[in-house]
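The values are calculated or read from the model by the stated rules, or taken from the named source; none is laboratory data. Every value quoted in this text rests on a predicted model; they were computed, and no experiment measured them. Because the Cβ atoms are built from the backbone with ideal geometry, glycine has one as well, and the counts that use them run over all protein chains shown. The accessibility values were calculated without ligands, DNA or RNA, using every heavy atom of the protein model including side chains. Shrake-Rupley method; radii C 1.70, N 1.55, O 1.52, S 1.80 Å.
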Amino acid sequence: YDEEEARTMGGVTAQVRHDWTKQEIAEIYNLPFYDLMYKASTVHRMYWNPAEVQQCTLLSIKTGGCTEDCSYCSQSTRHKTFVKPTPTMKVQEVLEAARRAKDAGSTRFCMGAAWRELGNKKNAFGHILDMVKGVNGMGLEVCCTLGMLNADQAKQLKEAGLTAYNHNLDTSPEHYPKVITTRTYEDRLQTIANVRDAGISVCCGGILGLGEEDNDRVGLLHVLATLPEHPESVPINALVSVEGTPLGDEDDIDNVDAFDMARMIATARIVMPRTMVRLSAGRLSFSDAEQFLMFQAGANSIFNGDKLLTTDNPEFDEDQALFQKLGFSGKPAHKGPLVAPAEADGEVIITKVQAKQQYA
């Protein structure tokens, strides 16, 4: 892949770039919907097998009691919601949940804890390292989302067998202070850097429905697409509003519809063609047909199971029926993606990087 300059098919050319301007991304995002969908779907088929969709399961191993003030989150101690703080789950409880997820078809198991940061939680961190080792030992890919990490903690997670670390940016740098004040954007970028430097895959995306403008959605994608390495996966979430949170009680925020999600997913697919784009929170609110629109836009990963931390999500059986209906198959753990059929059939024109001539 390092030798590739670009790929072309059906009049569409795509390349992995890190020098996107915000204006370039805005022009893609604002394309007429039919044109955006065609370009994104074509890019998707140049780089991926569209039948292969990764199935991930997310488990909240420590719920509630978080000191952050994220205005969308039901787990913050600053908001009065239905969520009641619970202690960290036992290692064996988590491993049993991972076995059930594997039996249901998941190949990546993600563990989330409602903390601002790992900090000096040495005892809890030791248990989490045991969880990572145990889940990895089942042949599953392992992901964690534990708040801010320092470089040494990231290194220990890597040594325990962690595949990926989720740390979302949520929105654009400009809109971010209106959503969260207890952690800076730079704090989040530093954690992402610590994870990347430890050799762990980065999972980083955002949430639609935080009162942002289209320009903020473009701004988020611009930050992600200009990182030194594109994230391995980008979750696109639709806000699941929870009563008792500032955003859950806000009447002036428009609901996110399937076209909003598809437009965001399609733009992400075009500007980060080798990144998995994950259809995440809010999926329960969309019909099978609307979800298919998002897969056509370039989504190739989902969270399954009945809960996403504290919000409802389609159950395993419903997702298996959806996969069967759409002709999808799951992505195996610890394996690269299938070769795109279009590439195997010679339909994709691959331009190689030209070697620079050396002069004596």
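So the values come out like this:
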{"quantity": "Residues of the range 192-239 satisfying the condition of being more than 17 Å from LEU146 (Cβ to Cβ) and of a type in the set (Val, Ile, Thr)", "calculated": "ILE207, VAL218, VAL223, THR226, VAL234, ILE236"}
{"quantity": "Residues being among the aliphatic types (A, V, I, L, M) and part of a strand (DSSP E or B) - total across the range 221-242", "calculated": "3"}
{"quantity": "Residues of the range 330-350 classified as open to solvent by 50 Å² or more (accessible area, probe 1.4 Å), closer than 30 Å to GLY139 by Cβ and touching a residue at least 24 places away in the same chain (Cβ under 8 Å), total", "calculated": "7"}
{"quantity": "Selected residue [buried (at least 24 other Cβ atoms within 10 Å of the Cβ) and either closer than 23 Å to ALA333 by Cβ or modelled with pLDDT under 95 (or both)] from ALA299, ALA225", "calculated": "ALA299"}
{"quantity": "Hits in the range 18-53 (condition: polar (S, T, N, Q) and either in contact with a Lys or Arg (Cβ under 7 Å, 6 or more places away or on another chain) or open to solvent by less than 60 Å² (accessible area, probe 1.4 Å) (or both))", "calculated": "SER41, THR42, ASN49"}
{"quantity": "Filter result for GLY205 (buried (at least 22 other Cβ atoms within 10 Å of the Cβ), under 18 Å from PHE295 (Cα atoms) and either at pLDDT 95 or above or out of contact with any Leu (no Cβ under 8 Å at 6 or more places or on another chain) (or both))", "calculated": "yes"}
{"quantity": "Considering residues of the range 177-194 that are β-branched (Val, Ile, Thr) and in a helix (DSSP H, G or I) only, the residue nearest to VAL234 (Cα to Cα)", "calculated": "ILE192"}
{"quantity": "Subset of the range 252-277 that is at pLDDT below 95 and among the charged types (D, E, K, R) - its residue that is surrounded by the fewest Cβ atoms within 10 Å (Cβ to Cβ)", "calculated": "ASP252"}
{"quantity": "Selection from the range 177-188 of residues that are of a type outside the set (D, E, K, R) and either surrounded by fewer than 16 Cβ atoms within 10 Å (Cβ to Cβ) or at positive phi (or both)", "calculated": "PRO177, THR181, THR182, THR184"}
{"quantity": "Test: residue in the range 119-127 that is out of contact with any Ser or Thr (no Cβ under 7 Å at 6 or more places or on another chain) and either surrounded by 24 or more Cβ atoms within 10 Å (Cβ to Cβ) or acidic (Asp, Glu) (or both)", "calculated": "no"}
